[in-house]
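No value in this document is a laboratory result; all are computed from the given coordinates. Quick caveat, the model's predicted, so the values are computed rather than measured. Quick reminder, even Gly has a Cβ in these numbers, built from the backbone with ideal geometry, and neighbours come from all protein chains shown.
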Amino acid sequence: MVQLAVAFHHASRDNNVGARSVLERALRNLNGADTSFPDLDLDRLRIELAPWQRFLDDPEDAGAKAGTKAPVKKDKQKDKTKLDGLDLRRPTAPALPIIVRRR
């Protein structure tokens, strides 16, 4: 669980290489964690982490596939890539996963 937090911290600092590396280790460790965390729905967590794996592998492609990449109009000036603090050139990251209890 700590490795997941570290992976998302790396992602928040635009360190996709570090985030991808730590996320891969976290997923490997989750494979043996069902007995350690029997009350947590780790299957759902793994499913919710899949979009993050795709995003960290290729942010441009993952954002385009998810339909979250903000288009930049060609008739606008090149320096108009920001709107209210949002960088329109940067793809949007997936939603953070939610760790829930098994039902």
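Would you grab the residues whose amide H sits under 5 Å from the one on Leu40? Only those 5+ places off in sequence or on another chain, please, with H modelled 1.01 Å from N.
Result for Leu40 returns Arg102.
Using R₀ = 41 Å, calculate the FRET efficiency as 1/(1 + (r/R₀)^6) where r is the Cβ-Cβ separation of Arg102 and Glu24; round to 0.05.
Numbers: r = 24 Å, r/R0 = 0.60.
For Arg102 and Glu24, the calculated efficiency is 0.95.
With each pseudo-label sitting 7 Å past Cα toward Cβ, what's the Asp43-Asp57 distance in nm, one decimal?
Each label point is offset 7 Å from its Cα along the Cβ direction, giving 2.3 nm.
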